[in-house]
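Participant: Below is a structure I'd like to ask you about.
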Amino acid sequence: MSQPPDDWEKLRQEILECQQCPLAKSRTQAVPGVGPNDAQLMFIGEAPGRQEDIQGEPFVGAAGQLLTKLLEQVGIKRQSVFISNVVKCRPPENRQPTHIERATCRPFLNRQIQYIQPRVIVLVGRVPTETILETTVRMGAMHGRVYHRNGRTFFVMYHPAAGLYNQTLVPTLEEDMQKLKSIANNDRVPSEEREQGQLPLSEFFSEEKK
Ligand code: URA
């Protein structure tokens, strides 16, 4: 049975007021996400960093600025996509979110996806990729490809922060963004060699199916 549709503003408020894990104590504010709630493209990062925690918007720090530039280079307006994170509150010292934090926050992400029904979900970096596709991730092998899981289409890209640390990755980020643009435009059917049946279906999907 499908769930009754969420109230978008109520969902946002629940995220802003959430006290379900210890990150609520250390955050400045929760960062639910930004962009239209009927976007065709949804970007999912790891967790808010320092700037995001201060400004209340995902991907506004240095990595976010690179993401915005990469989008603009291929003619995708940042304002046309929905951007969020696996975990909605900043982990102290920018450490990776723990598996418990990711699991606690997961229903919010599920509900956002369920509401938005994006055509393509872009997994930005290793943490969202391993969390959502439930696989041990080798980004070198997984980036720039499409994965179909339970009726949803995912695209994996390196985290733009990787391009800040290692400039030689920037052309790869640019190529992947170009591929994403082609996929979003339906210009070509992307390679599917790493798909169907290779990974277990996660709770994430079965929850969505209820
Ligand atoms: N990195 C992320 O993964 N998310 C943000 O919102 C900012 C930086």
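Participant: Report every pair of residues separated by at least 6 positions or lying on different chains whose Cβ atoms are under 9 Å apart, first residue within region 124-140 and closer than 15 Å to Ser84 by Cβ, second assigned to a loop (DSSP other than H, G, I, E, B) and among the acidic types (Asp, Glu).
Facilitator: Pairs that qualify, where the first residue is closer than 15 Å to Ser84 by Cβ and the partner is assigned to a loop (DSSP other than H, G, I, E, B) and among the acidic types (Asp, Glu), are Val124/Glu46; Gly125/Glu46; Val127/Glu46; Pro128/Glu46; Thr131/Glu46.
Participant: Filter region 55-103 for residues that are among the hydrophobic types (A, V, I, L, M, F, W, C), away from the ligand (no atom under 11 Å from the Cβ) and under 26 Å from Glu174 (Cβ atoms) and give the result.
Facilitator: Leu70, Leu71, Val74, Ile76, Val81, Phe82
Participant: Identify all residues within region 123-153 that are over 21 Å from Asn185 (Cα atoms) and outside any helix (DSSP H, G or I); write none if there are none.
Facilitator: Matches in region 123-153: Gly125, Glu134, Thr135, Thr136, Val137, Arg138, Asn150.
Participant: Further question on the same structure: Return yes or no: is Val81 under 18 Å from Ala162 (Cβ atoms) and of a type in the set (Val, Ile, Thr)? It would help to see each step written out before you state the result.
Facilitator: On the way: under 18 Å from Ala162 (Cβ atoms): no; of a type in the set (Val, Ile, Thr): yes.
Here the answer is no, as Val81 does not meet what is asked.
Participant: Could you tell me which of the residues Met177, Met157 is buried (at least 16 other Cβ atoms within 10 Å of the Cβ), touching an Asp or Glu at 6+ places or on another chain (Cβ under 8 Å) and at pLDDT 80 or above? Walk me through how you get there before you give the answer.
Facilitator: On the way: Met177 fails: touching an Asp or Glu at 6+ places or on another chain (Cβ under 8 Å).
Answer to the selection: Met157.
Participant: Let me ask you something else. Suppose the filter is of a type outside the set (Phe, Trp, Tyr) and closer than 14 Å to Ala161 by Cβ; does Leu41 pass it?
Facilitator: Values: of a type outside the set (Phe, Trp, Tyr): yes; closer than 14 Å to Ala161 by Cβ: no.
Considered against the rule, which asks whether it is of a type outside the set (Phe, Trp, Tyr) and closer than 14 Å to Ala161 by Cβ, Leu41 comes out as no.
Participant: Please verify whether Leu71 is surrounded by 18 or more Cβ atoms within 10 Å (Cβ to Cβ) and more than 12 Å from Gly45 (Cα to Cα), treating the condition exactly as stated. Give the derivation first.
Facilitator: Numbers: surrounded by 18 or more Cβ atoms within 10 Å (Cβ to Cβ): yes; more than 12 Å from Gly45 (Cα to Cα): yes.
The answer is yes for Leu71.
Participant: Another question, if that's okay. Between residues in region 56-83 that are part of a helix (DSSP H, G or I) and residues that are of a type in the set (Val, Ile, Thr) and buried (at least 16 other Cβ atoms within 10 Å of the Cβ), which pairs lie under 6 Å by C-beta distance while being six or more apart or on different chains?
Facilitator: Final answer for the pair search is Arg78/Thr68.
Participant: Still on this structure: Please identify the pairs in which a residue from region 151-167 that is touching a residue at least 40 places away in the same chain (Cβ under 8 Å) has its Cβ atom under 6 Å from the Cβ atom of a residue that is assigned to a loop (DSSP other than H, G, I, E, B), counting only partners at least 6 apart or on another chain.
Facilitator: His159/Gly125
Participant: Considering region 119-143 alone, what residues qualify as being away from the ligand (no atom under 16 Å from the Cβ) and within 14 Å of Phe43 (Cα to Cα)?
Facilitator: Matches in region 119-143: Arg119, Val120.
Participant: Still on this structure: Restricting to region 24-64, and then to whatever is surrounded by fewer than 15 Cβ atoms within 10 Å (Cβ to Cβ) and charged (D, E, K, R), can you tell me which residue is nearest to Thr153 (Cα to Cα)?
Facilitator: Result: Asp38.
Participant: Oh, and also: Restricting to region 108-122, name every residue that is within 13 Å of Ser84 (Cβ to Cβ) and assigned to a strand (DSSP E or B).
Facilitator: Passing the criteria: Ile121, Val122.
Participant: Can you tell me which of (1) within 16 Å of the ligand (Cβ to nearest atom); (2) closer than 22 Å to Arg119 by Cβ is the one Gly49 doesn't meet?
Facilitator: (2)
The values are calculated or read from the model by the stated rules, or taken from the named source; none is laboratory data. Everything numeric here is computed off the predicted structure, so don't read it as measured data. Here Cβ is always computed from backbone atoms with ideal geometry, including for glycine, and neighbour counts include all displayed protein chains.
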